[in-house]
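Asker: First, the structure itself, so that you have it in front of you.
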Amino acid sequence: MAVLIDPPTWPAHGTVFSHLVSTSSLEELHAFAAAAGIPRRAFDEDHYDVPERRYRDLVAQGAQEVAGVELVRALIASGLRVPARRRAPKLRAALMTRWDALLPAVPGLGRELLDRWAEGHREYHNPAHLLAVLEALDVLLEPADEPVRGAVLLAAWFHDAVYEGVAGQDERASASLAVQRLHGIVPDAVVRDVERLVLLTATHEPAPEDRAGHLLCDADLAVLAGAPEDYARYVAAIRAEYRHVPRQAFTDGRRAVLKRLLGLDPLYRTTTAQAEWAGRARSNLAQELESL
């Protein structure tokens, strides 16, 4: 575990800046920055931008000096690097394109939802997660799913539209928001199904015959089957969202979540997810549980 800093060579706002990163977790990075008096607004998704005048005292406080290329390599190796396509401006544009294909008549609603997903307190339940769920649905949806496709996609957009970190309450508030915003825009039957699907993400336990629920729940849990670096980024982001929770309390709660997920049988319901994701997901969950 280490915090790295590269030389101040990046010009902006009349000075030059260094990058400050962690080799292990965003929790470690945020803690170091807070102790050093670096404001949270200096954080840019996977690093802090710090002005040249702070360079020497940050090194004195424990940041390790490395060349820029070494810092980038270490950030990639840590699994914490946010790829360019998932950075805010490009991400928002990509998501708006998807929204316009779904409900082109109400672009304002798409913008409202993206504003909600981009709220500052979110680290994992953010636009990158929304895109990941939609991309997972690209994989899971089949031609025979056309009757439920619209409701499933709308439920994906609304399922974490309200997020305060309170399990159950967030899902209920998101479902209520969906009912309010979709009324009069899509048929009432679709509104009811979106509400039901959003509520289902609180447990991820759809009924055996609930194809729409299978699709949404599997897409929401697709992150569990990520490559090691992606899973590490997910774990770090979850911890960052709960930074206000003491470490032991968080560990106890996270252990319970992991056991519950491992206890789902099956973890994934769609044939595609079972074949492509289940083994990797269970391995990731088991390894994280063992690490706690």
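The values are calculated or read from the model by the stated rules, or taken from the named source; none is laboratory data. Since this is a predicted model, take the numbers as computed values, not measurements. Cβ placement follows ideal geometry from the backbone for every residue including glycine, while neighbour counts extend to all protein chains displayed.
Asker: State the number of residues belonging to the range 95-112 that are in a loop (DSSP other than H, G, I, E, B) and surrounded by 13 or more Cβ atoms within 10 Å (Cβ to Cβ).
Answerer: 2
Asker: Further, regarding this structure: Tell me which residues, restricted to the range 29-49, are touching a helix residue (DSSP H, G or I) at 6+ places or on another chain (Cβ under 6 Å) and among the aromatic types (Phe, Trp, Tyr).
Answerer: Across the range 29-49, the qualifying residue is only Tyr48.
Asker: Another one. Kindly indicate whether any position in the range 204-212 is within 29 Å of Leu75 (Cα to Cα) and in the same structural domain as Val166 (by TED's automatic domain parsing). Walk me through how you get there before you give the answer.
Answerer: Residues of the range 204-212 that are within 29 Å of Leu75 (Cα to Cα), as a first pass: none.
No, the range 204-212 has no match at all.
Asker: Let me ask something additional. Any residue at all in the range 242-251 that's over 25 Å from Val152 (Cβ atoms) and either surrounded by 20 or more Cβ atoms within 10 Å (Cβ to Cβ) or among the charged types (D, E, K, R) (or both)?
Answerer: So far as the range 242-251 goes, yes, one or more of its residues are over 25 Å from Val152 (Cβ atoms) and either surrounded by 20 or more Cβ atoms within 10 Å (Cβ to Cβ) or among the charged types (D, E, K, R) (or both).
Asker: Mind listing whichever residues of the range 57-80 are part of a helix (DSSP H, G or I), under 18 Å from Leu26 (Cα atoms) and either without any contact (Cβ under 8 Å) to a residue 24 or more places away in the chain or small (Gly, Ala, Ser) (or both)?
Answerer: Those that are part of a helix (DSSP H, G or I), under 18 Å from Leu26 (Cα atoms) and either without any contact (Cβ under 8 Å) to a residue 24 or more places away in the chain or small (Gly, Ala, Ser) (or both): Val72, Arg73, Ala74, Ala77, Ser78.
Asker: Could I ask something else about it? Return yes when Glu27 is modelled with pLDDT under 95 and closer than 27 Å to Arg247 by Cβ and no when it is not.
Answerer: On the way: modelled with pLDDT under 95: yes; closer than 27 Å to Arg247 by Cβ: yes.
Yes.
Asker: Here's a follow-up. Checking Asp115 against (1) among the acidic types (Asp, Glu); (2) within 14 Å of the chain's Cα centre (by Cα); (3) not in a loop (DSSP other than H, G, I, E, B): exactly one of these is not met. Which one?
Answerer: If we test Asp115 against (1) among the acidic types (Asp, Glu); (2) within 14 Å of the chain's Cα centre (by Cα); (3) not in a loop (DSSP other than H, G, I, E, B), just (2) comes out false.
Asker: Could you check how many residues of the range 136-165 are loosely packed, with under 14 Cβ neighbours inside 10 Å and within 20 Å of Tyr234 (Cβ to Cβ)? So that I can check it myself, show each step before the final result.
Answerer: Applying the first criterion (loosely packed, with under 14 Cβ neighbours inside 10 Å) to the range 136-165 yields 138, 142-144, 146-147, 164-165.
Imposing the further condition that a residue be within 20 Å of Tyr234 (Cβ to Cβ) reduces the set to 138, 164-165.
So the answer is 3.
Asker: Which one of these is part of a helix (DSSP H, G or I), in the same structural domain as Val133 (by TED's automatic domain parsing) and surrounded by 13 or more Cβ atoms within 10 Å (Cβ to Cβ): Arg54, Arg92?
Answerer: Arg92
Asker: Tell me whether the range 264-273 contains one or more residues that are among the hydrophobic types (A, V, I, L, M, F, W, C), touching a helix residue (DSSP H, G or I) at 6+ places or on another chain (Cβ under 9 Å), over 26 Å from Phe43 (Cβ atoms) and buried (at least 20 other Cβ atoms within 10 Å of the Cβ).
Answerer: Checked against the condition, which is being among the hydrophobic types (A, V, I, L, M, F, W, C), touching a helix residue (DSSP H, G or I) at 6+ places or on another chain (Cβ under 9 Å), over 26 Å from Phe43 (Cβ atoms) and buried (at least 20 other Cβ atoms within 10 Å of the Cβ), the range 264-273 yields at least one hit.
Asker: Go through (1) surrounded by 14 or more Cβ atoms within 10 Å (Cβ to Cβ); (2) part of a helix (DSSP H, G or I); (3) of a type outside the set (A, V, I, L, M, F, W, C) and name the single condition Ser24 misses.
Answerer: All conditions pass for Ser24, except number (2).
Asker: Here's something else I'd like to know. Just to be sure I understand, how many residues within the range 191-229 are charged (D, E, K, R) and surrounded by fewer than 20 Cβ atoms within 10 Å (Cβ to Cβ)? Break it down into steps so the answer makes sense when it comes.
Answerer: Narrowing the range 191-229 to residues charged (D, E, K, R): 192-193, 195-196, 205, 209-211, 218, 220, 229.
Keeping just the survivors that are surrounded by fewer than 20 Cβ atoms within 10 Å (Cβ to Cβ) gives 192, 196, 205, 209-211, 229.
Residues flagged as charged (D, E, K, R) and surrounded by fewer than 20 Cβ atoms within 10 Å (Cβ to Cβ) within the range 191-229 amount to 7.
Asker: Which fully enclosed helices (runs of 4 or more DSSP H) of the range 222-292 have 1 or more residues being over 19 Å from His129 (Cα atoms)?
Answerer: Once the helices (runs of 4 or more DSSP H) in the range 222-292 are filtered for at least 1 residues that are over 19 Å from His129 (Cα atoms), what remains is 247-263, 271-276, 278-291.
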